[in-house]
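Please read the structure below before turning to the comments.
The values are calculated or read from the model by the stated rules, or taken from the named source; none is laboratory data. Note that the coordinates shown come from a computational prediction; the quantities given were computed from them, not determined experimentally. Here the Cβ is made from the backbone with ideal geometry for all residues, glycine too, and neighbour counts use every protein chain on show.
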Amino acid sequence: MTIQNTMNLLKYHFSYKYHVAGVSRLPVLAFYSIYEVFMSIDRYKGKTLSPLKSHTTSDTKSGGIGDIEVLDENEEFFEGVEIKHNIPISSDLVRDAYQKFSVTPVRRYYLLTTAEPNVDDAQAVGAFVNEIRRRHGCEVIVNGILPSLKYYLRLLSNPKLFLDCYSKNLQSDFQQNTDVKEIHLRYWNELLASLL
């Protein structure tokens, strides 16, 4: 299994026309899976990856700051990740994200999207990201989810570690929530089988 094969599988899985709700959960599960694999590296030693909430749970109601949250040793937010599906990151989305963590001493916050291009007005988004860094101290990173995952996969000894974790999380989410549907799981298994 190569990184490029893995990226192709994810791209197909995220972009397939399912005609059912829940596809926006897939990139969240993918990024959560890479975090699970990474929890043993130095940056995350002593940190805790919060369990995923239902995709329909509001961050405001749950007291969260994003789709994915990493807590530090004091159970305070260390990193947050907000993932959008087919929505370019705009300065309004950055502003909305900032409202979630503005009173929280989080160190890094990712705004990721499956949309291409990833950003609708790079200059405005960059200016607001810089303003947040100056005002709050948080480093906000805006990027596409696929380029981010590709970079992270390069750090693994084998992409299969990620694929196994993603497959497990898809199955688990299908069984425990209503976000992942049977067609999402079936298509993923077909994609995996096509490489064997």
Exercise. Which residues, taken from the stretch 13-54, are among the basic types (Lys, Arg) and touching a helix residue (DSSP H, G or I) at 6+ places or on another chain (Cβ under 9 Å)?
Worked result: Arg25, Lys53
For this session: Tell me, yes or no, whether the stretch 148-160 has at least one residue that is in contact (Cβ under 8 Å) with a residue 40 or more places away in the chain, more than 16 Å from the chain's Cα centre (by Cα), surrounded by 14 or more Cβ atoms within 10 Å (Cβ to Cβ) and closer than 25 Å to Tyr44 by Cα.
Result: yes
For this session: Among the candidates Val103, Val81, single out the residue that is of a type in the set (Val, Ile, Thr), under 23 Å from Ile41 (Cβ atoms) and not in a helix (DSSP H, G or I).
Result: Val81
For this session: Return the total of residues in the stretch 106-127 being assigned to a helix (DSSP H, G or I) and either under 17 Å from the mean Cα position of the chain (by Cα) or surrounded by fewer than 19 Cβ atoms within 10 Å (Cβ to Cβ) (or both).
Result: 5
Problem set entry | Flag if Asp164 is among the acidic types (Asp, Glu), surrounded by fewer than 17 Cβ atoms within 10 Å (Cβ to Cβ) and either touching a Gly at 6+ places or on another chain (Cβ under 7 Å) or at pLDDT 95 or above (or both) | yes
Exercise. Are there any pairs with C-beta distances below 6 angstrom linking a residue in the stretch 90-101 that is farther than 15 Å from Arg135 by Cα to a residue that is among the charged types (D, E, K, R) and surrounded by fewer than 19 Cβ atoms within 10 Å (Cβ to Cβ), with the two at least 6 apart or on different chains, and if so which?
Worked result: Ser90/Asp120
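This table checks each residue for (1) modelled with pLDDT under 95; (2) more than 16 Å from Asn189 (Cβ to Cβ).
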{"position": "Thr2", "(1), (2)": "yes, yes"}
{"position": "Thr6", "(1), (2)": "no, no"}
{"position": "Leu9", "(1), (2)": "no, no"}
{"position": "Lys17", "(1), (2)": "no, yes"}
{"position": "Ala30", "(1), (2)": "no, no"}
{"position": "Ile34", "(1), (2)": "no, yes"}
{"position": "Thr48", "(1), (2)": "no, yes"}
{"position": "Leu52", "(1), (2)": "yes, yes"}
